[in-house]
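One structure below.
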Amino acid sequence: MSYSHQSMGSGSRNARGYEFGRTYVVRPKGKHQATLVWLHGLGDNGSSSSQLMESLHLPNIKWICPTAPTRPVSSLGGYTCTAWFDVGEISEDSHDDLEGLDASASHIANLLSSEPADVKVGIGGFSMGGAISLYSATCYALGRYGTGHTYPINLRAVVGLSGWLPGWKSLRNKIECSYEAARRAASLPIILTHGTADDLVPYRFGEKSAQSLGMAGFRQAVFKPYEGLGHYTVPKELDEVVQWLTTRLGLEGSR
């Protein structure tokens, strides 16, 4: 199988000193109507993401598949691997690594910043990549990162597979304080999918994340449970994402 992807170099270091790995690009086979950044899970890389995206029937989308920084991960006892941010045990009371979250969200926004004005942009990901996608959605709605710096991208679609929403507890209060944030939240289509048998990111956290988005005013957030599915993706799930993106982004010639 031949892939129409290319590498964008060995990595870049952002202002906070996180060194991101190699970024892979899958070029659209048809008219370029949308660009999505796709984010891998813990310990994975952009190369495998690009191969998965290449297999989807979405000829009008350009995919940008970055690789996370290599860093110690608390949930792995300090073991070093690719991770978008540090994470301990996923629980109701877990502490969010806001510095890591913002560094990755900023890196992703930078990857989208030079896309043509007439191209719709979005973010998607699996597991920890899904968590960063949903975190980016909240940055878009609030108009700023957790640090307070302005969020620069006009997101049009967000996908989170087997993920969770960092910072979900305080989200509603933050958005209710701002008419503009509420307007942006209501306008952003989001799809979350989660397997009921997920043993790494428990199903209830996917469900709770979707509920939290809905209560915070993300009226176009949809949640799709998959009975018996573990912490992986299946063709039926990816087909639903393809259909959802085709509809939400108004893609032509995708069927």
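The values are calculated or read from the model by the stated rules, or taken from the named source; none is laboratory data. A quick note: this is a predicted structure, and the numbers were derived from the prediction, not measured. Here the Cβ is made from the backbone with ideal geometry for all residues, glycine too, and neighbour counts use every protein chain on show. In case anyone asks, the SASA skips ligands and DNA or RNA and just uses the protein heavy atoms, side chains included. Shrake-Rupley method; radii C 1.70, N 1.55, O 1.52, S 1.80 Å.
Which three extents, in angstrom, do the Cα atoms of segment 207-255 have along their principal axes, listed largest first?
Principal extents (Cα only, largest first): 35, 29, 12 Å.
Tell me which residues come under 5 Å, amide H to amide H, from residue 121 once H is placed; ignore anything under 5 positions away on its chain.
Residues meeting the amide H criterion: 35, 156.
In whole Å, what is the distance between the alpha-carbon centres of segment 195-255 and segment 134-181?
After rounding, the separation between the Cα centres reads 18 Å.
Once amide H atoms are placed 1.01 Å from N in the peptide plane, what residues at a sequence separation of 5 or more from residue 222, or on another chain, have their amide H within under 5 Å of its amide H?
190, 191, 192
Write down the Kirkwood hydrodynamic radius of segment 133-255, to one decimal in angstroms, obtained as one divided by the mean of 1/r over all alpha carbon pairs.
14.9 Å is the Kirkwood radius here.
What's the magnitude of the charge dipole for segment 39-197 around its Cα centre, counting Lys and Arg as +1 and Asp and Glu as -1 at the beta-carbon? Answer in Debye, nearest 20.
480
What residues have an amide H closer than 5 Å to that of residue 32, excluding those fewer than 5 places away on the same chain, when H is modeled at 1.01 Å from N in the peptide plane?
HN-HN under 5 Å from residue 32: empty list.
Starting at the first residue of segment 126-132, write each ³J(HN,Hα) from the Karplus equation 6.51 cos²θ - 1.76 cosθ + 1.60 with θ = phi - 60°, in whole Hz, x for Gly and Pro.
Working through the residues one at a time gives 10, 6, 4, x, x, 4, 5 Hz.
Go through segment 38-45 residue by residue and turn each phi into a ³J(HN,Hα) via Karplus (6.51, -1.76, 1.60, θ = phi - 60°); whole Hz please, and just put x for glycine and proline.
10, 10, 6, x, 4, x, 9, 8
Could you work out the longest stretch of the chain that avoids the GluC sites (Glu not before Pro) located in DSSP loops with at most 13 other Cβ atoms within 10 Å?
Maximal segment without exposed cleavage sites: 93-226.
Per residue, how big is the convex hull of the chain when only Cα atoms are used? Give it in Å³.
Cα-based convex hull of the chain, divided per residue, equals 120 Å³.
Residue by residue through segment 188-196, which ³J(HN,Hα) values in whole Hz follow from phi under the Karplus form 6.51 cos²θ - 1.76 cosθ + 1.60 (θ = phi - 60°), with glycine and proline marked x?
9, x, 9, 10, 10, 10, 7, x, 6
Once neighbouring chains are kept in place and the probe is 1.4 Å, which whole percent of the accessible area of the chain is contributed by carbon and sulfur?
Accessible surface attributable to carbon and sulfur in the chain totals 48 percent.
Checking the table 29/120; 169/224; 62/174; 29/236; 62/236 against a 25 Å threshold on Cα-Cα, which pairs fail?
Long pairs (Cα-Cα over 25 Å): 62/174.
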